[in-house]
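Just so it is clear, none of the values below were taken in a lab; they were calculated from the coordinates. Source: prediction; values computed, not measured. When we count neighbours, we look across all protein chains shown, and the Cβ atoms used for this are built from the backbone with ideal geometry, even at glycine.
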Amino acid sequence: MKRILCALSLLLLVSAAAFSGNYKSFKVSVYTRAYEVEKMKDLHWLDSTWNIISSQVKVDKIYLETHRDLLIVPSETLEQAKKFFQGKGVEVGGGITYTINEANSFETFCYSDPEHRKIVQEIAEHTAKHFDDFILDDFFFTSCKSDIEIKAKGTKSWTQYRNELMTEAGQNLVIKPAKKINPKVKVIIKYPNWYDHFQGLGFDLKNGPQIFDGVWTGTETRDPSSAQHLQNYLGYNIIRYFENLRPGHNMGGWVDSGGSGMGMDRYAEQLWLTFFAKAPEMALFAYNQLIGVSLRPEQHRTSWQGQGTSFDYDEMMKPVNLNGQTVTPTTLARVAGYTFESIDKFIYKLGKPIGIKTYKPYHSLGDDFLQNYLGMIGLPMDEYSEFPTDQKVVLLTEQAKNDPDIINKIKGQLTKGNDIVITSGLLSAIPEKLAAISELRADKFALVNDFGFAGKTDKDILIRQVLYQTNDAWETISAGRPLTGGTSGYPVVLRAPYSKGNMYVITIPEDFGNLYEYPANVLNAFRQILSKDLEIRIDAPAKVGLFVYDNGMFIVESFLDEPVTINVNAIDNITRITDVLTGLPVDKQPETTTGAGMFGRRFRPDNKNNVFRVTLMPHSYKVFQKN
C-alpha cells in the first residue's frame, strides 16, 4: 500500500511539474511571425509591445519564427529576442513558415525543384541552431504545379505524388538536417483546420504524425459563413482526431483573431473549445494580432451580453493587474487572458474526452467535415482512422467507402450484436456493397418539410430518397411534403436488421447546414441510436453541443443566440448531477416528464431514463459532474 501511495504521490508531482506555469493544467504560448521577430532587433519596440501583451494575458512560452515569405531573420536578432524573453521567465521555441509569397494564394515551395529543396534545408538548419524545438506553421504542403513538378509526378495522381513527396521532404530536408545540427531539437508540424482535404496537397496524416516529434492542431474556425465554412465544433473535434492518430503527441491548439468581428464571444469560444478537448497548450496567433486588434464595444460586444453568459464582455473590460501594473484592457490579448482565467477553474478537473466513435480511413474523402455538423446537433464525436472494434455502435459517413474491406468490418460489428449507423451519403456511394447487409438505394431526391410525429420545419429540405425492400428494413422516422395527410414519405431513420445487430441509415440533408433545421425530435432520434456507448445524451434543438469525459463529467454548450432549456438524459444509476462552477446540485425530473413514450414504439430502450433540466444562456456552457 505504501508503495502504491508513493507512486501516486510521484505521479501527482510529475503532473504538477508538467504544468508549473501560469495555469493549472495547460500552457499558453504566443506565435510570432518572422515580420515581427525581425522588428525585435529594436529593443524599445520589443519591450513596449511585449508590455501590451503581458499586461493582459499570462504567457508561458513564445515561438519566434525564423522564416516566412523568403524573409530569414538574422541570428543576432533571434538571439537577442531569446535572451529578452528568457529574462522575463518565458520559454522560447522556434517556428518556420515555408511560404514563398503568402499573399499570392499562399505560394508554397516546389519540393522537387533542387533550388527550392536547398533553401528549405538551409532554413531548417538555421532554425535548429537557435532552438531546441520548432513548429512548421500551416504551410508545409505543396500546391506547386510547375513544369518540374508535372514532370516528376508522371502518371501518379496529384494526391499520391504530393503525399510521397512531402513525407520524403519532411524527413530529408527538415527533420534529419535539423537533428544533425542539434540532436536535441524536436520538430513539430502544425496541421491546419481543413483536414478532410489534406491528402490533396501533401499533408500525410498516416505517416506525418509518426515521423515528426509531435503535431500542433489548427482549431481556428472563425466565421462559419466565410470561405472554409468551418463549424464551431471543429475546434474541439479536430484536437480529438489528431490525438487519436498518435496518442500523446498532439502538442496543442492554435487560434487566430479570425471571427472576432462576429463578437469577442466567438473568439473566446474557439479558445475554450480547444481546451474542452484537453489540449495541453494553446498557441495564440499571432504577436501582431495581440498588439494590433483593438477592442471596440460597438463591434465586439454582442447583443446577448448582460444575461450571465460564459464570456462576459463587461467583466473582461475591467482593469487588470497581471505583472505589477494595473491596466485597462485595450486589445485582443485581454479577451484571451480573461478566457483562460475563467476556464482554468475547471479544465484540470476534466477526464479524458470520450464520444461516439466514427471511422475516417486515412486519406479519405466524402461527407466532408460532416462530423463537425453532427457535433453541433449534440452528438459528441470521436474520429478514428482505424476501425473501432470496442463499441456498441460505430458511425460511418461516406468517408468509409475508401476502405476496400468495409463490408467485412460492418459484418463483424453486426454479428457481435452491435450496431452500425451509416449516412445516406455512404449508402449512395456504395449501394452494391451494402446490399450484402440490406438491399437499399439512395439515387433519387425529395424535398421534405413534414416529419410526422417528430415535427415540421419552416423551409423545404432536400434529402436523398432512401429506398428499401418492404419488410426487409423498417422506417422509424419518415419525412414528406407533406407527410401527414400527404401521399409520399421517405425514411430519415431506417433500421435494417442483420444477424444479431442493426444497421441504421440516417438521412443527412444535401446541404449539411439544414441539419440545424431538422425538428428537435428528429435530432433526438439520431442521438438515441448513436449514444449506446455513453451514459448520457441530450434532448435539445440544434446548435447545442455535448462534451463527455471518462470521469463522469460532461459539458453542455449552446451555440444559439437566445437562451435555451434542454433535457440531459442519463442512465438509471445517475440520480443527481452537480454544477461544477456553482457547486449546486441538479435533481432528476419526475418520471412523468421524461417523454420516453414518443420513441418507445420505434426504438429499443437505451436505459437513459433519468432526466435533468438545464437552461443555457446564449453562447454559453455549463459543466457538470455526475453523483
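What lysines does Lys444 reach when the alpha-carbon gap must be under 21 Å and sequence neighbours fewer than 8 apart in one chain are set aside?
Within the straight-line cut-off, Lys444 pairs with Lys401, Lys433, Lys459.
Roughly how big is the chain's charge dipole about its Cα centre, with Cβ charges of +1 (Lys, Arg) and -1 (Asp, Glu), in debye to the nearest 20? Don't skip to the end; give the middle numbers.
On the way: 69 positive and 73 negative charges, 340 e Å.
So the magnitude is around 1640 debye.
Any idea which of His130, Pro224, Gly248 is furthest toward the positive side of the dipole for the chain, if Lys and Arg beta-carbons carry +1 and Asp and Glu beta-carbons -1?
Gly248
If you average the alpha carbon positions of region 502-569 and of region 208-257, how far apart do those two centres end up, in angstrom?
That distance is 22 Å.
Which values, in whole Å and largest first, are the semi-axes of the equivalent ellipsoid of the chain obtained as the square root of 5 times each eigenvalue of the Cα gyration tensor?
43, 31, 22
By per-residue mean of other Cβ atoms within 10 Å, what is the highest-first order of 183-192, 411-420?
183-192, 411-420
Give the Rg/Rh ratio for region 353-530, taking Rg as the radius of gyration of the Cα atoms and Rh as the Kirkwood radius, to two decimals. Can you show the working numbers first?
Numbers: Rg = 15.2 Å, Rh = 16.2 Å.
Taking Rg over the Kirkwood Rh, I get 0.94.
To the nearest 0.05, what FRET efficiency results for Tyr35 and Glu341 with a Förster distance of 41 Å applied to their C-beta separation?
Numbers: r = 30 Å, r/R0 = 0.72.
After rounding, the FRET efficiency stands at 0.90.
Can you list the residues of region 479-495 with backbone N under 11 Å from a point 7 Å past the Cα of Asp460, pointing along Cα to Cβ?
Output list for this probe position: 481-482.
Contour minus end-to-end for Asp443 and Thr615, with contour as 0.36 nm per residue of separation and end-to-end as the Cα-Cα distance? Display every interim value, and only then the final one.
Working: separation 172, 0.36 × 172 = 61.92 nm, distance 4.14 nm.
Fully extending the segment from Asp443 to Thr615 adds 57.8 nm.
To the nearest 500 deg cm²/dmol, what mean residue ellipticity at 222 nm is calculated for the chain from DSSP H runs of n ≥ 4 alone, each contributing -39,500 (n - 2.57), summed and divided by the residues? Before the final figure, lay out each step's value.
Working: 21 runs with 184 residues, N = 627.
That calculation yields -8000 deg cm²/dmol at 222 nm.
On full extension of the chain, what length is gained from Ser105 through Lys145, given 0.36 nm per residue of separation minus the C-alpha to C-alpha distance?
Length gained, Ser105 through Lys145: 13.1 nm.
Please tell me which of these pairs span more than 31 angstrom C-alpha to C-alpha: Lys206/Lys278; Lys151/Lys184; Lys190/Lys357? Let's see the in-between values first.
Working: Lys206/Lys278 22 Å; Lys151/Lys184 37 Å; Lys190/Lys357 24 Å.
Those over the limit are Lys151/Lys184.
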